[in-house]
Amino acid sequence: MVGVLVAAVLSAVSRNGSSRAEAPQAVDRPVVGRVGVDAPKSWPAWGFTHTRYSAGAGEPGATDSVRHSISRQPVVQAQAIMGWGVDNPEPARDQYNFGSLDQRMNLIRQTNGIPVITLCCAPDWMKGGPQGETDWTHLEDAPHPKYYDEFAELAAVVARRYPDVRYYAVWNEFKGFFDENRNRWDAEGYTQLYNKVYTALKAVNRHIKVGGPYVPMNGYSPEWQGPPSAVRGPWGSVDQRALNAVDYWLKHKKGADFVVVDGSTVSEDRGLRTDEFTALGKFSAVTRWLRGRGQGLPVWWAEWYVAPEHTTWPERRWDAVNTAAMMEFARSGAATALYWNPQRGSPGNCAGCLWSPGHGSTVSPSLGMLQRFAQWFPPGTKLVDVGPTPSSVRVLAQKRHMVVVNTRDEPTTATIDGKRIRLGGYKVRWVDR
């Protein structure tokens, strides 16, 4: 997938296949009473993750413009401790190298971001490599069990260095935690690592919020004839092995402040089989399943994807699909959803990017969309029903505002909330009520 490599081929999130532009199906989508129903109003809800290239890459004038655009409305900004734009933080035992991570954290502060740290990945020496060296081809290897304590100590060092960061996701996509012999996730090994990290972070500051297991909710097409799944719908089904890993972690974790997953609407076996809007129902279905596990933990989507890799949709289609995805998160009770920003370092087409790479000052509608959600639909916002709408139009509304999406590539006119609204193909409208 864009920006992230998954260690286990059998459980990797595939983005191959072709999309279909059929009319979206009418799907029942229950709406929760308010946004982030399981989280306090102060919870960090909507935002994005920094990857290899960020707002610091490019010509000074252009990057200044992008930074200004980001800072206009605070959103959550997440950064990993190793990889995705930052160096090895501890290339040798007790020898720290936080220069590039400091730069990223400063960028987040300068752009008024709500900082989140993803505790991944691990220095080479914790994975069997030599002291003082970094082999990036082994970035996604898990630390050896004998070094779990050392990784937990590194997490504590990070927490002490950045005392303003209160939210930590432990590891990323179960990287290195797939058991090939048993053909399933090694939830036991991950949970051992998680519990040590949880304990270390809480020892630094008991107010730090810690979450896991950050397992990918891989899925299959509606035609899939494999093992049954507890989560399925018109869009397909979720790999039961991922659900089992979540259940194991929930039962054996030492503690947690939120539950983290990620996922794509693209199936493992046949790509994007339904239209891209119907496929978004997966996000709601997984969120409801997680909320139904009975522990009341806020649901946190660390990454989410809506298209096969190398998709060349026009920007308006990206905006429509991304906005509709965020509607799914908000209406189903997710507390947090972070957009994986696939920035590039050179000019040219950058599908799905939040701003133009390399030079220029253009930001994409998707950045504005995330900021609008942060402004109009923060945690605690009561959602309201504005009545029936055509199956091709999706609406999310609160007392004073609503966002409307045309899911077809053709103009339409609809009466919504007593207003006659004309929408161009794949048009997104932000409307005062």
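Odds and ends about this structure:
- When 88, 112, 97 are checked against the criterion of being in the same structural domain as residue 176 (by TED's automatic domain parsing), at pLDDT 80 or above, at positive phi and not in a helix (DSSP H, G or I), a single residue qualifies: 112.
- Matching residues in the stretch 174-215 - criterion: being charged (D, E, K, R) and within 16 Å of residue 246 (Cα to Cα): 175, 179, 184, 186, 188
- Across the stretch 202-216, the qualifying residues are those that are surrounded by fewer than 24 Cβ atoms within 10 Å (Cβ to Cβ) and in contact (Cβ under 8 Å) with a residue 40 or more places away in the chain, and the one among them that is nearest to residue 231 (Cα to Cα) is 209.
- Selected residue (only one of 325, 337, 330 is assigned to a strand (DSSP E or B), in contact (Cβ under 8 Å) with a residue 40 or more places away in the chain, assigned by TED's automatic domain parsing to the domain that holds residue 117 and surrounded by 19 or more Cβ atoms within 10 Å (Cβ to Cβ)): 337
- Selection count where residues are in contact with an Asp or Glu (Cβ under 8 Å, 6 or more places away or on another chain) and modelled with pLDDT of 95 or more, scope the stretch 360-388: 1
- Conditions (1) polar (S, T, N, Q); (2) surrounded by fewer than 16 Cβ atoms within 10 Å (Cβ to Cβ); (3) assigned to a loop (DSSP other than H, G, I, E, B); number of the one not met by residue 106: (3)
- In summary, residue 343 fulfils each of the numbered conditions (1) buried (at least 19 other Cβ atoms within 10 Å of the Cβ); (2) modelled with pLDDT under 95; (3) farther than 27 Å from residue 213 by Cα with the single exception of condition (3).
- Residues satisfying the stated conditions in the stretch 253-271, i.e. in a loop (DSSP other than H, G, I, E, B), surrounded by fewer than 24 Cβ atoms within 10 Å (Cβ to Cβ) and touching a Leu at 6+ places or on another chain (Cβ under 9 Å): 256, 257, 268
Yes or no, residue by residue, for (1) under 18 Å from residue 299 (Cα atoms); (2) in a loop (DSSP other than H, G, I, E, B); (3) among the polar types (S, T, N, Q); (4) touching a residue at least 60 places away in the same chain (Cβ under 8 Å):
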| residue | (1), (2), (3), (4) |
| --- | --- |
| 193 | no, no, no, no |
| 199 | no, no, yes, no |
| 229 | no, yes, yes, no |
| 237 | no, no, yes, no |
| 241 | no, no, no, yes |
| 248 | yes, no, no, yes |
| 251 | yes, no, no, no |
| 273 | no, yes, no, yes |
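- Index of the failed condition, residue 432 passing every other in (1) touching a His at 6+ places or on another chain (Cβ under 9 Å); (2) more than 17 Å from residue 317 (Cα to Cα); (3) surrounded by 13 or more Cβ atoms within 10 Å (Cβ to Cβ); (4) not small (Gly, Ala, Ser): (3)
- Test: residue in the stretch 169-180 that is over 23 Å from residue 338 (Cβ atoms) and not aromatic (Phe, Trp, Tyr): yes
- Filtering the stretch 201-222 to residues that are outside any loop (DSSP other than H, G, I, E, B) and of a type outside the set (Lys, Arg) leaves 201, 203, 204, 210, 211, 212, 213, 214, 215, 216, 219, 220.
- Cross-chain or 6+ apart pairs with Cβ under 9 Å, the stretch 167-185 first and not assigned by TED's automatic domain parsing to the domain that holds residue 43, then crowded, with 24+ Cβ neighbours inside 10 Å and acidic (Asp, Glu): none
- Of the residues making up the stretch 398-429, just one is in a strand (DSSP E or B), touching an Asp or Glu at 6+ places or on another chain (Cβ under 9 Å) and farther than 21 Å from residue 318 by Cα, namely 401.
- Any hit, the stretch 121-134, residues being in a loop (DSSP other than H, G, I, E, B) and charged (D, E, K, R): yes
- Within the stretch 135-157, considering residues that are part of a helix (DSSP H, G or I) and free of Cβ contacts under 8 Å to residues at least 12 places away in the same chain, the one surrounded by the most Cβ atoms within 10 Å (Cβ to Cβ): 146
- Residue identified as surrounded by fewer than 20 Cβ atoms within 10 Å (Cβ to Cβ) and under 22 Å from the mean Cα position of the chain (by Cα) among 240, 192: 240
The values are calculated or read from the model by the stated rules, or taken from the named source; none is laboratory data. In this text the structure is predicted, and so the values were computed from the model without any measurement. Reconstructed Cβ throughout: ideal geometry from the backbone, glycine too, with neighbour counts over all protein chains shown.
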